[in-house]
Amino acid sequence: MECAFDLKPLFEKDIIKVRSDLLPEGFVGSPEACCDAKRKMGSIIDRIGLLSAQAQGLHTSVTSVRQMNVNQTIYLMAGKAKEGAKLVVTGLLKMGPKDLYLFDERGQLRSRIGTPAVLDFFVHSAYQRRGLGKRLFDNMLRDLNLTLCKCAVDRPSAMMTAFLAKHYGLVRTIAQANNYVLYDGFFGNSDGDADDTNTKFVRRPRAAAKPEMEHKVLSMAEIMEAGNRHSRDSRTIIKRNGDSRSWK
């Protein structure tokens, strides 16, 4: 993506990190230079966000200055088409934490606070199949100290699904009721699930079976004796004003 202005002052490295203040991380300059950098960076983000939406067949952009918040991070990549050419923006990766209700492998619903989520990903068609997308992801994973299988992916396109399978071996998914896709390995004891997850539906253990009553076979003499005992015990004693009366 070409820009009408020079990208060199904004791209100290080929991959830069931008937060909601719209200044590239580490940017230093006068107040006037900072204002100019914010204006130019806002233009870059809006334009590449629109290109990303068009490539994914979306009706609206999911990445724009208006939609950014303090918790989101955008990684932008720039490069040259050939030696001596000017810099152009080649890729975008947007990350942000999300509070989600997610089903685990056993179908139990869990509440996950601050789930790392891939919110947008785009490499310009003129620069695909050069390993740029993997460089973007690898840079993000190092920067945020993440493992990709621990991230939720928001509405991945068919191309992104193929990309994740090819470069990161992410194939097996955990079915969800929302737009996010989870991959095998998302849930596990190693990431402290017990601290930040709440199980909403719990499979209760089955109640212990009641012991069966023992049945005894009685002789005729025992049956007659039981009948006589029942007849004697059936007499009711009624107490009135301290008197006891026996009804036969």
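Nothing in this text is a laboratory measurement; each read-out follows from the coordinates by a stated rule. From a predicted model like this one, the values you see are computed outputs, not experimental measurements. Neighbour counts run over all protein chains shown; Cβ positions are idealised from the backbone, glycine included.
Quick rundown of the values:
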{"item": "When the stretch 132-188 is reduced to its Cα atoms, the Kirkwood hydrodynamic radius in Å", "result": "11.8 Å"}
{"item": "16 Å reach of a label modelled at residue 166, 7 Å along Cα-to-Cβ, counting backbone N of the stretch 132-155", "result": "132-138"}
{"item": "Cα-based radius of gyration of the stretch 64-167 once divided by 2.2 N^0.38 Å, which approximates compact folds", "result": "1.21"}
{"item": "Distance-filtered residues of the stretch 1-41 - backbone nitrogen under 16 Å, label point 7 angstrom along residue 50 Cα→Cβ", "result": "1-5, 40-41"}
{"item": "Label point distance in nm, residue 176-residue 147, each placed 7 Å from Cα along Cα→Cβ", "result": "1.8 nm"}
{"item": "Largest-first ellipsoid semi-axes for the stretch 1-126, taking √(5λ) over the Cα gyration tensor eigenvalues, angstrom", "result": "30, 18, 13"}
{"item": "Sites residue 4 and residue 108, calculated FRET efficiency, Cβ-Cβ separation with R0 35 Å, nearest 0.05", "result": "0.10"}
